[in-house]
Every structure is written in C-alpha cells, then in structure tokens.
Amino acid sequence: EPEVTQTPSHQVTQMGQEVILRCVPISNHLYFYWYRQILGQKVEFLVSFYNNEISEKSEIFDDQFSVERPDGSNFTLKIRSTKLEDSAMYFCASSESVYTEAFFGQGTRLTVV
Amino acid sequence: AQSVAQPEDQVNVAEGNPLTVKCTYSVSGNPYLFWYVQYPNRGLQFLLKYITGDNLVKGSYGFEAEFNKSQTSFHLKKPSALVSDSALYFCAVRDPTAGGGNKLTFGTGTQLKVEL
C-alpha cells in the first residue's frame with residue numbers, strides 16, 4: 001500500500017540552527033501539506049502546496065518557514081532559525097484531490113535545545 | 001472559520017461493549033468530515049470520511065460514523081470495542097467553500113481506552 005514517508009524520524013537541533021524536514025508524498029497525489037503537533041496538543045495546520053506553490057498557510061507559518069518541492073518526489077519543510085517553541089512532531093500529508101482524504105506520514109519529532 | 005469540538009478528553013469502555021466518540025463541527029458551507037486514529041509514536045491513520053451521500057459511513061476496522069446536519073455532529077461508533085482499539089482519535093473538518101489549500105482543522109482528540 002502506498003504511503004507517505006518522512007525523514008528523519010527524530011531530529012535534535014540547537015536553537016538558531018536551520019533544519020530541513022523531508023517527505024516523499026504518495027506518487028499520484030497532487031496536494032501536499034505540513035502539520036505539526038506540539039506534545040499533548042492538537043494537530044495544527046501549517047501549510048498546503050499545490051501546483052508548485054503555496055495555496056494556503058496558517059499564522060504559524062511565518063517567514064522562518066518555507067516549503068519546497070525540489071524534484072518530482074520530495075517535499076521539504078525548512079525552518080531557518082529554530083526556536084525552542086518549534087519543538088513538536090511535524091507531519092507531512094498528501095491527498096489526491098480536494099474530495100479525498102489526506103494520508104499522513106509517521107512524523108518527524110523535532111527537538112530544539 | 002471552521003472548527004471542531006471533541007468534548008471528551010477520554011472515553012473508557014469495556015471490551016465487547018459499543019463505543020461512541022463524539023464530534024461536533026462548525027463550517028460555513030457543507031462540511032467534509034474525517035476521523036483519524038493515532039497510536040503511540042505513530043502518524044495519523046485515516047479511518048473514514050463523509051463527503052456527501054448516506055449519512056452513515058463505514059470505515060476501517062469496523063468503525064462507522066453518522067453525519068447529522070441538524071446537530072452538526074459526526075460521532076464515531078463501533079458496535080463492539082476491542083482492546084486494540086485503544087488509541088487517540090481525532091475528528092477533522094474541511095470546508096470546501098473556504099477556498100485556499102483544503103486544510104483540515106482537527107479537534108483536540110479523544111483518548112479511547114478499552115479494558116478487558
């Protein structure tokens with residue numbers, strides 16, 4: 001069964017450092033998303049991406065964040081200068097269309113120290 | 001703006017008994033509704049969805065949910081709970097009239113505990 005894969009599963013970084021979280025969405029999907037879940041809290045939308053551009057972003061997704069689809073398979077989330085409050089589980093997701101469910105990856109646990 | 005409420009932080013049920021996990025929503029237009037399950041240290045796993053059609057939708061692992069427009073609810077149900085159903089359950093809504101990026105808005109989650 002096709003699945004969304006994310007790497008790394010865990011990332012520890014020092015405050016102020018840049019991190020790149022990587023995702024390989026399901027191959028025939030057209031819509032890509034990043035969500036995050038701070039420990040013990042709900043899943044929050046960060047950004048959606050369609051047709052090689054951001055289609056929607058939340059207020060969390062400020063200038064420190066960026067997304068890219070550098071080739072036909074990868075979808076990345078970059079945090080330019082990490083803060084302690086960026087520590088969370090980051091989930092990548094993809095969907096085939098606006099009518100279908102999003103499939104989520106296993107997540108990357110980011111810890112900023 | 002779209003929102004979801006899951007009024008119960010935790011639901012406890014005995015194995016073999018029916019279970020219900022509650023969800024209510026608020027959107028401007030007709031909602032697309034989803035249930036996801038999260039096991040410890042795992043991602044979100046899709047269970048079922050309501051887009052249009054029959055109000056009762058069936059999904060994975062024997063789960064079902066009933067869309068009730070007048071009560072703006074989408075409660076998750078299972079006739080006979082299993083210990084292996086113990087997990088964190090999230091309800092989510094998408095407002096297709098909102099335009100933009102088809103984002104999902106999640107509830108706060110309900111921890112289901114099924115005991116022998």
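What to note about this one:
- Evaluation of A:LYS57 against the conditions (1) free of Cβ contacts under 8 Å to residues at least 40 places away in the same chain; (2) under 10 Å from the mean Cα position of the chain (by Cα) shows that the sole unmet condition is (2).
- Residue match in the stretch B:26-34 (condition: of a type in the set (Ser, Thr, Tyr) and at pLDDT 95 or above): no
- Test: residue in the stretch A:9-18 that is over 23 Å from B:TYR39 (Cα atoms), within 14 Å of the chain's Cα centre (by Cα) and facing chain B (nearest Cβ under 10 Å): no
- Any pair with Cβ under 7 angstrom, 6 or more apart, that starts in the stretch B:3-15 at a residue that is free of Cβ contacts under 8 Å to residues at least 40 places away in the same chain and ends at one that is surrounded by 16 or more Cβ atoms within 10 Å (Cβ to Cβ): B:PRO7/B:LYS22
- Hits in the stretch A:88-113 - residues which are more than 24 Å from A:VAL19 (Cα to Cα) and touching a residue at least 24 places away in the same chain (Cβ under 8 Å): A:SER95, A:GLU96, A:SER97, A:VAL98, A:ALA102
- Residue list for the stretch B:23-36, restricted to those being buried (at least 17 other Cβ atoms within 10 Å of the Cβ) and either part of a loop (DSSP other than H, G, I, E, B) or away from every other protein chain (no Cβ under 11 Å) (or both): B:CYS23, B:THR24, B:TYR25, B:VAL27, B:PRO31
- Residue selected from the stretch A:101-113 under the condition more than 8 Å from chain B (Cβ to nearest Cβ) and surrounded by fewer than 21 Cβ atoms within 10 Å (Cβ to Cβ), by the criterion farthest from B:TYR32 (Cα to Cα): A:VAL113
- Of the strands (runs of 3 or more DSSP E) lying entirely inside the stretch B:37-116, those carrying at least 1 residues that are out of contact with any helix residue (DSSP H, G or I) (no Cβ under 6 Å at 6 or more places or on another chain) and β-branched (Val, Ile, Thr) are B:56-58, B:87-94, B:110-115.
- Within the stretch A:47-68, the residues that satisfy the criterion of being surrounded by fewer than 16 Cβ atoms within 10 Å (Cβ to Cβ) and away from every other protein chain (no Cβ under 14 Å) are A:ASP62, A:ASP63, A:GLN64, A:SER66, A:GLU68.
- Flag for B:LEU48 being closer than 22 Å to B:THR97 by Cα and without any contact (Cβ under 8 Å) to a residue 40 or more places away in the chain: yes
The values are calculated or read from the model by the stated rules, or taken from the named source; none is laboratory data. Computed from a prediction, not measured in an experiment: that's the story for all the values here. Note: ideal-geometry Cβ built from the backbone for every residue, glycine included; neighbour counts use all protein chains shown.
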